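Accompanying notes for the structure given below.
Derivation of every value follows stated rules applied to the coordinates shown; laboratory data play no part. Because the structure is predicted, anything quoted here is derived from the model rather than measured. Ideal geometry is used to build each Cβ from the backbone, glycine not excepted, and the neighbour counts take in all protein chains shown.
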Amino acid sequence: MGGPVGFRPKSGSIPESPGVYRFKDADGRVIYVGKAKSLRQRLNSYFADFAGLHPRTQTMLTTAAAVDWTVVGTEVEALQLEYSWIKEYDPRFNVKYRDDKSYPYLAVTMGEEFPRVQVLRGAKRKGTRYFGPYSHAWAIRETVDLLLRVFPIRSCSSGVFKRAAQIGRPCLLGYIDKCSAPCVSRVTAEEHRALAEDFSDFMAGNTGRFIKRLEREMREAAVEQEYEKAARLRDDLQALQRAMEKQAVVLSDNTDCDVIALAEDPLEAAVQVFYVRGGRIRGQRGWVVDKVEEAGPGELVEHFLLQMYGDASAETLPKEVLVPVPLPEVEAVTELLSEHRKARVEIRVPQRGDKKALMETVERNAKESLKQHKLKRASDLTARSKALQEVADALELDQVPLRIECYDVSHIQGTNVVASMVVFEDGLARKSEYRRFAVRSTEGDVASIHEVISRRFKRYLEERSATGELDAEAEPGLDAGFGPEPDAEAGPRPDAEAGPVLDGGLDAEAGPVLDAEAGPGPNVEAGPKVDVEVGAEFDVQPGIDPETGRPRKFAYPPNLVVVDGGPAQAAAARRALDELGVDDVAVCGLAKRLEEVWLPGEDLPVILARSSEALYLLQRVRDEAHRFAITYHRSKRSKSVKESALDEVPGLGPARRQALIKHFGSVKRLREATAAQICEVPGIGPSTAETIVSALKGQST
């Protein structure tokens with residue numbers, strides 16, 4: 001694969017100074033902006049080994065037609081210029097964070113003659129103080145309703161304010177003492193502005209002086225026997241306390257910080273921020289980003305800090321920023337933010353205590369935000385249709401893959417090898433069609449993929465034969481052990497994939513369904529089966545069992561088979577299909593490290609666009625197969641760990657083994673128990689208890 005040699009700068013022409021560089025396309029548009037401590041070292045890395053670069057970087061370089069740079073004096077200046085250029089040019093290959101929704105703020109319009117409190121969204125306005133953002137607008141209105149008892153500032157619109165001034169009568173809030181009614185001159189503009197300043201101070205976290213003032217005035221009114229005034233002040237005090245209770249206390253009173261957490265996958269990332277002022281969570285906000293450039297967690301957080309605080313006012317910057325991972329240029333970012341705030345800003349990774357616990361909470365919010373974003377994107381009909389068409393175009397399929405099956409193998413060092421099959425129809429998961437395989441092969445992932453694909457499509461051909469769709473004599477691939485006839489080596493037995501095998505070939509740990517290919521069994525993720533009403537005149541349709549009216553287990557073939565892996569796994573799947581004579585099912589492999597799509601027999605992968613819906617769909621299918629396989633593997637491993645130690649104890653049947661595990665909770669605790677303690681288990685006598693103790697101690701030595 002050739003590199004972008006056409007616009008490579010001449011050797012020695014690039015300075016070694018810190019600076020910022022721009023890649024441009026053939027039309028002169030800036031497509032990427034980056035910074036570097038040494039321009040020569042950074043730019044040479046793009047041209048030295050093109051084949052070794054990340055596919056996203058390769059795409060950027062093949063799109064570019066020129067590169068230029070600007071030398072600066074310090075790393076801080078490089079950060080500032082990089083941010084300015086990203087904001088000016090909006091390059092397509094730079095990470096750009098976007099709000100995952102429009103968050104509401106509590107705003108006080110201090111720029112007006114009579115400041116007003118209101119809920120605002122969108123771009124911030126000059127001369128307005130903002131508090132938040134909050135998750136919900138109703139939370140702001142509840143807080144404001146409580147605070148207007150103590151700080152009765154204007155909350156009406158300009159039209160209502162002017163009308164009240166014209167008729168000389170305040171609105172309802174003025175009559176119930178939740179507005180000081182500056183519209184009818186009950187207070188002067190200066191007095192009303194003082195109320196607005198107090199309201200803003202309280203929201204900024206300076207709550208102590210207001211609480212103490214109300215307590216003092218309440219006691220003085222009680223001493224003067226002005227009980228009605230004292231009761232009103234008591235209610236005001238309770239209103240402030242309820243408003244403060246709505247904001248959870250998480251850190252000490254003097255702590256002002258922003259807590260930033262990140263959740264990511266190979267394609268997207270989500271960022272959540274909790275704003276802590278005065279030790280209380282004052283607001284929350286989230287962003288999502290498409291990972292259009294190669295960047296690690298530290299670089300993503302660094303980009304986020306620059307974009308988040310780039311246009312922020314100095315008073316909104318906190319004293320401390322808590323981040324989940326160390327930043328690559330932490331000293332330069334710290335200096336830049338400190339200059340912007342005109343006071344020291346600390347950037348730290350919390351290691352222990354309350355701040356670490358709060359970081360874990362924010363991380364959980366980030367993961368949930370990413371999950372919700374993906375679910376919302378997956379449920380979009382237009383996006384699903386586009387994804388299926390893009391997959392068909394990229395893989396050169398004759399039709400869009402309305403049914404996709406994905407296979408993944410899971411094991412630990414070759415033990416408890418299992419595989420999963422997940423099904424997506426019309427771009428959505430169809431969990432009732434999921435299947436699990438207990439893999440018999442021990443020769444590695446490639447052999448396991450071959451086995452699983454062979455078993456799945458052998459069953460498909462058998463189902464077609466049973467319904468008369470295939471001529472049994474001409475049926476390809478149903479000989480040499482693949483047909484419905486009993487395997488001579490295993491003796492007369494039921495179908496190994498439909499039920500138990502009494503000698504070899506049975507996965508004895510698979511539970512009541514034994515080999516879950518025969519159906520999801522107890523797996524709740526597989527979903528319930530739907531009965532089909534069968535009448536006297538019911539016509540048997542292909543794929544429907546005439547006796548039960550239910551769909552046959554493997555009756556429907558996919559349009560596309562996806563395997564988790566690279567060219568070797570894709571080739572193994574294709575070979576299995578060829579051996580069975582199945583030639584109308586497409587195959588591809590999705591390699592996780594670089595998200596490359598491999599077609600059988602091809603020397604080079606298919607590189608899907610980073611932002612394409614096709615790649616997003618294939619990744620989601622692959623991740624679901626991986627999750628389903630891991631779940632099955634863990635259950636098998638857990639069961640084998642629990643029971644293997646007791647299997648060797650003579651005289652213990654399944655019932656008593658289960659009773660022992662239920663009583664002690666684990667084999668480890670059972671091994672630590674004495675014979676007297678084991679005798680407490682119903683059905684275990686002294687001699688059996690002694691046998692168990694000696695057997696388990698012998699195993700541990």
Estimated dipole of the range 296-337 in Debye, rounded to 20 [Cβ of Lys and Arg +1, of Asp and Glu -1, Cα centre]
120 debye
Please compare each pair in K96/K374; K96/K319; K87/K386; K291/K374 to a cut-off of 20 Å on the Cα-Cα distance and tell me which ones are over it.
K96/K319; K87/K386
Sorted by packing (mean other beta-carbon atoms within 10 Å per residue), highest first, where do 561-571, 255-265, 342-352 land?
561-571, 255-265, 342-352
Report, by chain and number, residues whose modeled amide H sits under 5 Å from the one on I153, excluding near sequence neighbours (fewer than 5 apart, same chain).
S180
Using θ = phi - 60° and the Karplus relation 6.51 cos²θ - 1.76 cosθ + 1.60, list the HN-Hα couplings for the range 447-462 in order, rounded to whole Hz, with x at every Gly or Pro.
5, 5, 4, 4, 4, 5, 4, 4, 5, 5, 7, 4, 5, 4, 5, 5
Packing rank of 215-225, 106-116, where each peptide gets the mean count of other beta carbons within 10 Å, highest leading:
106-116, 215-225
Scan around V563 for amide H atoms under 5 Å from its own, H built in the peptide plane at 1.01 Å from N, and keep only partners 5 or more places away or cross-chain.
Y407, C588, G589, L590
Given H placed on each backbone N at 1.01 Å, which residues far from V345 in sequence or on other chains put an amide H within less than 5 Å of it?
S338
E443 and A231 label points (each 7 Å along its Cα→Cβ direction) are spaced in nm at 9.0 nm
Residue by residue through the range 356-361, which ³J(HN,Hα) values in whole Hz follow from phi under the Karplus form 6.51 cos²θ - 1.76 cosθ + 1.60 (θ = phi - 60°), with glycine and proline marked x?
5, 5, 5, 4, 5, 5
The size of the Cβ-based charge dipole (Lys, Arg +1; Asp, Glu -1) of the range 271-358 about the Cα centre, to the nearest 20 debye, is 760 debye
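So between D177 and R209, what do we pick up on full extension, going 0.36 nm a residue minus the alpha carbon distance? Present the calculation step by step, with values, prior to reporting the outcome.
On the way: separation 32, 0.36 × 32 = 11.52 nm, distance 2.23 nm.
Result for the pair: 9.3 nm of gain on full extension.
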In what sequence, highest mean first, do 579-585, 19-25, 191-197 appear when ranked by Cβ atoms within 10 angstrom?
19-25, 191-197, 579-585
Principal axes of the range 332-405: Cα extent on each, largest first, Å
62, 28, 19
In whole Hz and in residue order, list the ³J(HN,Hα) couplings for the range 180-190 that follow from phi through the Karplus curve 6.51 cos²θ - 1.76 cosθ + 1.60, θ = phi - 60°; x for Gly and Pro.
7, 6, x, 5, 10, 6, 5, 10, 7, 4, 5
